[in-house]
Amino acid sequence: MDPLNTSSAAPLTAPPGVASKRLLPWLVAVAFFMESLDTTILNTAVPAISAALHVAPLSMKSVLASYTLSLAVFIPISGWMADRFGTRRVFASAIGLFTLGSFLCGMSSNIHLLVACRILQGCGGAMMVPVGRLTLVRTFAKSELIRAMSFVAIPGLVGPMLGPIAGGLIVGYFHWRFIFFVNIPIGLLGLLMVYMHLPDYREARTHPLDIVGLILFGSGIALLSYVLEIFGEHTLSAREILGLLAISFSLLAGYLLHAKRIAYPLLQLGLFRIRTFSAAVSGSFFTRLGIGGVPFLLPLLYQVGLGFTAIQSGLLIMPQAIAAMSTKFLMAKVIARVGYRGVLISNTVMLGLLLLLFATIGLHTPVWVIVLQAFCYGTFSSLQYTSMNTLTYADISEEQTSSASSIASTVQQMSISFGVASAGLATAFFVPRVHSNPGEMIHGIHQALVVLGGFTVLSTIVFSRLKSGDGSSVSQQKEVHGG
């Protein structure tokens with residue numbers, strides 16, 4: 001096996017032992033789970049928190065948006081931070097900031113303090129995903145990367161499903177502050193595990209931070225995130241939304257011009273010339289536009305359309321997480337047998353078809369059919385995320401891993417926002433504003449799922465650019481086929 005860490009980014013500590021290598025994916029996955037759970041669990045508690053803080057529920061949008069904006073601004077510098085200060089220190093600081101921010105959010109007595117603490121939380125959350133992935137890429141050989149990354153795909157599926165259930169239970173049986181306090185024991189355990197098992201990689205020499213690029217890209221991406229966060233609401237007119245979008249795109253265009261003129265830009269956009277990296281990152285973005293709205297649409301279908309309670313709805317979605325966890329050991333074998341091109345094209349089509357199947361769920365659909373569809377969706381979603389996340393690093397050199405991780409995480413964060421916005425747009429278009437009976441609601445959500453399913457199938461065009469042998473350094477496809 002070819003060790004991946006062969007450049008200047010050597011570990012400052014002894015290489016991780018067998019036990020640490022086994023625990024490392026779990027440690028990174030737990031940190032990711034803590035972050036992915038946070039937003040969805042908070043959404044459920046918005047009415048209770050707004051009442052406790054004596055503000056209108058609409059004012060709570062700033063609490064949700066501030067976290068997203070913080071992520072958008074600080075994710076791009078995560079790779080530089082890891083190279084400059086070391087993966088262990090930055091990852092530990094990220095967990096520490098996130099945990100401290102969670103504690104302060106729980107102690108906040110007014111909405112202004114809560115927004116400030118959410119920004120602090122976002123600073124930590126922005127570093128956890130890219131630096132965690134970066135550590136995995138530098139620790140494991142490319143041939144081991146699929147098995148390691150398969151753990152990391154699970155939190156993205158589990159967190160959004162458990163969030164509404166956990167939030168409902170906490171608000172129903174405890175104080176709203178426990179929404180934030182649940183992160184504290186997980187964070188403290190994570191800090192302990194980091195210092196015991198996380199290797200510390202740092203570049204021997206780092207280039208200066210691109211301050212101008214950070215201002216242009218950070219402000220542009222933050223403004224775009226804000227527009228997507230408030231998309232579909234009536235607090236801003238269409239003219240104001242278009243104006244904000246124009247400013248955002250102007251700032252991002254300014255960054256593109258700036259990045260071409262300096263030697264060390266904030267994000268190395270030249271990485272998109274690498275076919276596997278470009279297909280994985282751009283394909284991930286377009287795929288999430290379709291499937292990113294599923295966590296939003298399915299609870300709406302089950303609760304508003306079919307009349308299930310929030311807990312029953314969560315239990316119907318839970319098989320997705322069970323499938324992701326129980327089939328992760330198959331991921332490496334499937335990718336090795338079929339190859340990245342075959343997996344990503346066929347799997348993306350399957351995800352689109354499953355969205356179309358979700359559009360057949362109605363009042364008379366047996367529960368076991370819903371559970372079976374959820375299990376299948378969880379299996380194919382896990383394979384999709386694992387494939388895209390690992391293909392990203394297939395042809396990336398050690399010197400490029402930091403920038404690749406930052407770009408991939410930035411695009412992923414934006415695709416999540418775009419995915420929810422696209423689901424909201426489809427729902428607003430098809431679902432009647434005044435629905436007097438569940439049948440109309442079900443019909444509207446079915447139409448939205450059909451549109452998103454069709455878009456998901458179309459996103460296979462991006463993956464069709466791949467060649468049959470692409471990513472073989474990670475998938476070990478040649479070994480399986482005997483050549």
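Residues Ser50, Ser62: which one is farther than 24 Å from Tyr385 by Cα, assigned to a helix (DSSP H, G or I) and modelled with pLDDT under 80?
Ser62
Could we say that Ile396 is more than 27 Å from Leu145 (Cα to Cα), among the hydrophobic types (A, V, I, L, M, F, W, C) and modelled with pLDDT of 85 or more here?
Considered against the rule, which asks whether it is more than 27 Å from Leu145 (Cα to Cα), among the hydrophobic types (A, V, I, L, M, F, W, C) and modelled with pLDDT of 85 or more, Ile396 comes out as no.
How about segment 258-299: which of its residues are touching a helix residue (DSSP H, G or I) at 6+ places or on another chain (Cβ under 7 Å), open to solvent by 40 Å² or more (accessible area, probe 1.4 Å) and under 18 Å from Gly220 (Cβ atoms)?
Gln268, Leu269, Phe272, Phe285
Just to check your reading of the model, which residue among Ser406, Ser381 is within 28 Å of Leu300 (Cα to Cα), at pLDDT 85 or above and open to solvent by less than 10 Å² (accessible area, probe 1.4 Å)?
Exactly one residue qualifies, and that residue is Ser381.
Counting just the residues of segment 113-148 that are modelled with pLDDT of 85 or more and hydroxyl-bearing (Ser, Thr, Tyr), which one comes out surrounded by the fewest Cβ atoms within 10 Å (Cβ to Cβ)?
Step by step, filter segment 113-148, then rank; the result is Thr139.
Go through the residues of segment 310-318 one by one and say whether even a single one is surrounded by fewer than 19 Cβ atoms within 10 Å (Cβ to Cβ), within 27 Å of Leu351 (Cβ to Cβ) and either modelled with pLDDT of 85 or more or under 20 Å from the mean Cα position of the chain (by Cα) (or both).
yes
Are any residues in segment 350-378 open to solvent by 50 Å² or more (accessible area, probe 1.4 Å) and part of a helix (DSSP H, G or I), and if so, which ones?
Met350, Leu353, Leu356, Leu357, Val367, Trp368, Val371, Leu372, Phe375
For the structure I just gave you, tell me whether Leu425 is of a type in the set (A, V, I, L, M, F, W, C), modelled with pLDDT of 85 or more and out of contact with any Asp or Glu (no Cβ under 6 Å at 6 or more places or on another chain).
No; evaluated as a whole, the condition is false for this residue.
Restricting attention to segment 329-349, which residues are open to solvent by less than 30 Å² (accessible area, probe 1.4 Å) and either under 12 Å from Phe380 (Cβ atoms) or of a type in the set (Val, Ile, Thr) (or both)?
Met331, Ile335, Val343, Leu344, Asn347, Thr348, listed by residue number.
I'd like the full set of residues that are among the hydroxyl-bearing types (Ser, Thr, Tyr), surrounded by fewer than 22 Cβ atoms within 10 Å (Cβ to Cβ) and at pLDDT below 90, limited to segment 75-112.
Matches in segment 75-112: Ser108, Ser109.
Suppose the filter is part of a helix (DSSP H, G or I), at pLDDT below 85, aliphatic (A, V, I, L, M) and open to solvent by 20 Å² or more (accessible area, probe 1.4 Å); does Leu162 pass it?
Yes.
Confirm whether Leu449 is modelled with pLDDT of 75 or more, part of a loop (DSSP other than H, G, I, E, B), open to solvent by less than 30 Å² (accessible area, probe 1.4 Å) and not polar (S, T, N, Q).
No.
The values are calculated or read from the model by the stated rules, or taken from the named source; none is laboratory data. None of the values given here were measured: they were computed from a predicted structure. Cβ atoms come from the backbone with ideal geometry, glycine included; neighbour counts cover every protein chain shown. SASA here: full protein model, heavy atoms, side chains in, ligands and nucleic acids out. Shrake-Rupley method; radii C 1.70, N 1.55, O 1.52, S 1.80 Å.
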